[in-house]
Amino acid sequence: MSAPPNRFDPAEAEPRWMARWLESGALRGDPASGREPYVIAIPLPNVTGSLHMGHALNNTMQDVLIRWHRMAGREAEWVCGTDHAGIATQAVVEKMLAAQGINRREIGREAFLERVWAWKEQSGGEIINQQKRLGCTLDYSRERFTLDEGYADAVGRVFVSLYQKGYIYRDRYMVNWDPGLGSAVSDLEVEDREVTDSLVSIAYPLSDGSGEIVVATVRPETMLGDTAVAVSPADERYAHLIGRTVILPLVGRELPIIADEHVDPAFGTGALKVTPAHDPNDFEIARRHGLDEISVVGEDGRMTALAGDGYAGLTPLECRVKVIADLRVADGLRGEEEYTHNVPFSHRSGERIEPLLSLQWFCDMTKLAEPAIAAVKDRRVRFTPERFGRVYLDWMENIRPWCVSRQLWWGHQIPVWYRGQEIHVDIEAPQGDGWERDPDVLDTWFSSALWPFATQGWPDDTPELERFYPGHVLVTGRDIIFLWVARMVMMGIEFCDDIPFSDVVINPIIQAPDGRRMSKSLGTGIDPLELIDAHGADAVRFGLLLMASTQDVRFNEQRIQQGRQLATKLWNATRLVVDRGGRAGEAAPEPDLLGDRWIAEYLRQTVAEARHLVAEYDFSALADLLYRTIFDGFCDWYLELLKVGEGTPEVAGFVLEQLLALANPVMPFVTEECYAQLPGANADGLLRHPLAVAPWSQDERARQHGKHLIETVTALRAYKSENGIKPRDPLTVTFDARVPFDLPQTAVAALAHVTWTETPADDARSIGIELGRLLVSRPDVIIDIAAECGRVDAQLAATRAELARAERQLANPNFIERAPDHLVQAERDKATRFVAEIAELGAERSRLGCH
RNA sequence: GGGCAGUUAGCUCAGCGGGAGAGCGCCCGCCUCACACGCGGGAGGUCACUGGUUCAAUCCCAGUACUGCCCACCA
């Protein structure tokens, strides 16, 4: 026979427990159970993705909620699955093919999609296994993919419905064209970067030869598509020119001079060249003034035929060089200077966005937004932290049309058919010959917007949809509040007539230890799976939660170590309790001894606080509470009291079981392993264990008495330590009570290693505690009177200062009048105590013969 | 240009109207029969700055200075 090891071994235990949970069937929410459902839809990871630190925290938070509510008796369903992630996935496969020298256009759409599916089957969704490593209890049995047959059907129906309602329309409109991708991208997929360009001034001669207007531009090549020159209506310098025309250099087109509010007279020359097809502002101006829109840059990223001979076919950059050279020859250049400004880049490909006119499908969001705004305004949907609700509202109240078509192959192909001028919008192809389907696919976010209900079988009236929609909580990152959260709220209300969730919890961002972003490309990423290998999943979960607060934090591996130490602590505490005869599954014992009564009250308070923290989504405080409760309350005090006879195995076993249940949502593996060690444990493990419900009623006396006991022991230990007395060397003590209370002297003696005596020694020292004073002396030791006097004097001075502060407060009539009574009384009590202490210290001075 | 956060112990962060907290690190002492991934004790903060409100301010208000993030159409 060998004693159990004093360390919990995560690598051995974790796969074992995960397998049991998967087999248990408890992860699959049963719509017919009759229990109140508790539903979370996971922020669906990309099928190409792997678990990073952000996922690890986000998923842990959700797993805590799911496990907590499952143990609290709710029918828990955590919706599992992955996103087809159009651009990301297509890019992965294209890259693979490129390595083999294959271009997707060569093999064609069908063959390409076959390759993507093959990749998806083989290498996709690895992140699901990684979620299992973390201990996540998702409903893996209902894993969904956004391109599943049923899901795709839901996407098609939503598109058709929105079209029929008149929200979806096709328009030739200014889009963010990503030349790297060869597709339009939405406003939200664009990021500004600071770039230094050359600001070129170009002279546009007036048609009548009476002079010229100079305009400034950073994109001289787009002048080939100019259709006007605009000035501010308030600009007197140009007032007389409005309505007249200029000749576009190099092209010869006659352009009107127009007045538009958008023009800032203070910028450059105060005159703006208007290129409606390649600048969002110019586009707006053109629509206001009915100007022509001439596309000189094509979707292939090259100058079009409309750019004119000598320019067509060039890249915009090549064209820019040629335009400038040609202008120089024609004496049209009036200046050139360096200019730093913000330029849009594609979030996806990293290439500079080419704004251009393109025929795309758009969704008008104004009608959809209205009820989604109301839902947040009247707090049917609540954000945590609250400030993100305002971020959501600001965006929603200024919502713009959503470009939903993407020029990709991997995704939901748009359910629209064309034949000549005819357009047919439906999931099914229309009857008759000659119809061609729109080759474009929908923005990935269009399908993820349906996640909360498309996963439950919508549009069919399934039991799951009935019970599991609407869900309860969404835990996600703030970077997708607009991309995803807002759109889920809108779509949920539109198609299911109800909000998809009532709480949106925004998880913080964990930065690299140096404060930079954690990213693979920067080399600042830390792999959570490696942390799990090193410290165990429980430690990683605990550490991440402890780090997380309502603001972004720097990653701190010490917090993970704390988690590992807590796991070890629990493991060893369990060994002790088992050794002392503690059991699980017993009815709550009635505590009698002080230690038992104290821990019962302590547990009762801890449970109440933990419930409150979960309801508030304060995971960091929850982790901290568990740590303090287990280390300080349970191990350092209660188990030590148990050893010295102030506790019983019955209470120890019961409290440990409760604590394991309480900690289980945060640290599922080690708590299961510990629980399984307890005789009498439920064979199913903690997964089906009802969450800790402290059965005892409030016991204020137990709390007070425990506090006094702790204070006494602590004071004696400190005295020893400060006086160089080794912990186990003798010290005799007499208790002179100021407050009536039966100190459990045996326990104090054992915990502080002191000996009680009836009468204090002549040279006894006094230690002030709230209860009264402890008179201590050390036998067989000659006291250094001078040093002792010094200590007493220092203490005396400190206490006098405290008294002075209290008296100053009490001397202030405003304080007496306006401060709450209990605070005034507390101040009076303190003053009284300080006076008593000063008297005691004075008595000690004379006893020692200090001067 | 707007908006939102942050500035508290050497480090990472809690606290947010009534005598400054945690973990780690540091110092001292303990291999106490669950645990040295442990136990006991201790040192260490004009709570960024300036005003204001209040009997009372790290905490509320205004402003300043840095830091970070989001939104925005100035060529």
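Some values worked out for this structure:
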item: Matching residues, the stretch A:423-437, being of a type outside the set (A, V, I, L, M, F, W, C) and not in a loop (DSSP other than H, G, I, E, B); result: A:H424, A:E436, A:R437
item: Of residues in the stretch A:267-276 being modelled with pLDDT of 90 or more and part of a loop (DSSP other than H, G, I, E, B), the one nearest to RNA strand B (Cβ to nearest atom); result: A:T275
item: Check on A:A72, more than 25 Å from A:E149 (Cβ to Cβ) and surrounded by fewer than 18 Cβ atoms within 10 Å (Cβ to Cβ); result: yes
item: Matching entry among A:D192, A:D264 (being more than 28 Å from A:L408 (Cα to Cα), within 12 Å of RNA strand B (Cβ to nearest atom) and surrounded by fewer than 14 Cβ atoms within 10 Å (Cβ to Cβ)); result: A:D264
item: Looking only at the stretch A:202-249, and only at residues there that are of a type in the set (A, V, I, L, M, F, W, C) and part of a loop (DSSP other than H, G, I, E, B), the one that is surrounded by the most Cβ atoms within 10 Å (Cβ to Cβ); result: A:L248
item: Scan of the stretch A:514-542 for residues that are within 13 Å of RNA strand B (Cβ to nearest atom), free of Cβ contacts under 8 Å to residues at least 40 places away in the same chain and closer than 23 Å to A:P10 by Cβ, ordered by number; result: A:A534
item: Cβ pairs under 8 Å, 6+ apart, first in the stretch A:814-836 and in contact (Cβ under 8 Å) with a residue 24 or more places away in the chain, second of a type in the set (A, V, I, L, M, F, W, C) and assigned to a helix (DSSP H, G or I); result: A:K830/A:A806; A:A831/A:L803; A:A831/A:A806; A:A831/A:L810; A:F834/A:L803; A:F834/A:A806; A:V835/A:L803
item: Residue that is nearest to A:L566 (Cα to Cα) [pool: residues in the stretch A:1-53 that are in contact with a strand residue (DSSP E or B) (Cβ under 9 Å, 6 or more places away or on another chain) and of a type in the set (K, R)]; result: A:R28
item: In the stretch A:394-415, the residues that are under 15 Å from A:R487 (Cβ atoms) and either small (G, A, S) or outside any loop (DSSP other than H, G, I, E, B) (or both); result: A:W395, A:M396, A:W402, A:C403
item: Pick from the stretch A:683-712, criterion more than 35 Å from the chain's Cα centre (by Cα) and part of a loop (DSSP other than H, G, I, E, B), ranking: surrounded by the most Cβ atoms within 10 Å (Cβ to Cβ); result: A:D699
item: Qualifying residue in the stretch A:547-561 (condition: more than 9 Å from RNA strand B (Cβ to nearest atom) and either aromatic (F, W, Y) or under 17 Å from A:L662 (Cβ atoms) (or both)); result: no
item: Leading residue by the ranking (modelled with the lowest pLDDT) among those in the stretch A:325-347 that are aliphatic (A, V, I, L, M) and closer than 18 Å to A:T269 by Cβ; result: A:L333
item: Condition broken by A:D514, with the remaining ones in (1) within 25 Å of A:L662 (Cβ to Cβ); (2) in contact with a strand residue (DSSP E or B) (Cβ under 9 Å, 6 or more places away or on another chain) satisfied; result: (1)
item: Some residue of the stretch A:444-451 being in contact (Cβ under 8 Å) with a residue 24 or more places away in the chain, within 16 Å of RNA strand B (Cβ to nearest atom) and under 30 Å from A:G182 (Cβ atoms); result: yes
item: Members of the stretch A:673-728 that are polar (S, T, N, Q) and either away from RNA strand B (no atom under 13 Å from the Cβ) or modelled with pLDDT of 90 or more (or both); result: A:Q677, A:N682, A:S697, A:Q698, A:Q704, A:T712, A:T714, A:S721
item: Cross-chain or 6+ apart pairs with Cβ under 9 Å, the stretch A:710-728 first and closer than 25 Å to A:F741 by Cβ, then among the aromatic types (F, W, Y); result: A:I710/A:W598; A:I710/A:W637; A:T712/A:F735; A:V713/A:W637
item: Odd one out for A:P589, checked against (1) under 23 Å from A:Q677 (Cβ atoms); (2) of a type outside the set (F, W, Y); (3) modelled with pLDDT of 95 or more; (4) more than 25 Å from the chain's Cα centre (by Cα); result: (3)
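The values are calculated or read from the model by the stated rules, or taken from the named source; none is laboratory data. Given the structure is predicted, the values throughout are model-derived calculations rather than measurements. Virtual Cβ from ideal backbone geometry, glycine too; neighbours counted across all protein chains shown.
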